[in-house]
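For reference, the structure is listed below as structure tokens.
The values are calculated or read from the model by the stated rules, or taken from the named source; none is laboratory data. Nothing here was measured: the structure is a model prediction, and the numbers come from that model. Virtual Cβ from ideal backbone geometry, glycine too; neighbours counted across all protein chains shown. All accessible areas refer to the heavy atoms of the entire protein, side chains included, with ligands and DNA or RNA removed. Shrake-Rupley method; radii C 1.70, N 1.55, O 1.52, S 1.80 Å.
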Amino acid sequence: QVQLVESGGGLVQPGGSLRLSCVASERTFSTYAMGWFRQAPGKGREFVVSISRSGITVYAASVKGRFTASTDKANNTMYLEMSSLKPEDTAVYYCRAWQSGSPLDYWGQGTQVTVSS
């Protein structure tokens, strides 16, 4: 059972920056794909970015060029650097670890990001 704990959310003004962290309870990056998803009020959960086991990173079109995902394997941590934030980025951001084709699929509890003046 992999446990994921997100942190770093908060209130930021439009155009500002924020860094989210996701700490895993065990070494996951060589075993699981990792990613960030978000859920805005009244909407479904949507894909933000994924990092494959081989390190290939894919971004949603809505965040490409503004968000950067990275990993610190020594500390079992994944980061999401967010810049040029927009009000439409307001959402609960979730960390996820999964293995395609298997039932192994873990989510963190989420961290709130609010972009507002």
The correct pair for the stretch 49-117, radius of gyration to one decimal and Dmax as a whole number, both in Å and from Cα atoms, is 13.3, 43
Phi-based couplings in Hz for the stretch 83-91 (Karplus 6.51, -1.76, 1.60; Gly and Pro marked x): 10, 6, 5, 10, x, 6, 7, 4, 4
Spelling out what I want: for every residue of the stretch 36-47, take phi, set θ = phi - 60°, compute 6.51 cos²θ - 1.76 cosθ + 1.60 (Karplus), and round to whole Hz; glycine and proline get x. 10, 10, 9, 9, 7, x, x, 10, x, 6, 10, 5
Of the accessible area of the chain, with the probe set at 1.4 angstrom, what percent is carbon plus sulfur? 48 percent
Just check the stretch 78-117 against the gyration tensor rule for me: Cα atoms, a ≥ b ≥ c as the square roots of the eigenvalues, rounded for a/c under 1.5, and otherwise prolate or oblate depending on whether a/b exceeds b/c. prolate
Expressed as a whole-number percentage, the relative contact order of the chain with C-alpha contacts under 8 angstrom and at least six residues apart is 37 percent
Accessible area per residue, 1.4 Å probe, Å², for the stretch 34-104: what's the number? 51 Å²
Starting from a Cα-only point model with no solvent, please compute log10 I(q)/I(0) by Debye for the chain at q = 0.14, 0.15 1/Å. -0.52, -0.60
Counting other Cβ atoms within 10 Å of each Cβ, which trypsin sites (Lys or Arg not before Pro) in the stretch 1-108 have at most 13 and sit in a DSSP loop? ARG27, LYS43, LYS64
In whole angstrom, how far apart do the alpha carbon centroids of the stretch 44-117 and the stretch 1-40 sit? 6 Å
For the stretch 3-42, compute Rg over Rh where Rg is the Cα radius of gyration and Rh is the Kirkwood radius from the inverse mean 1/r over Cα pairs. 1.05
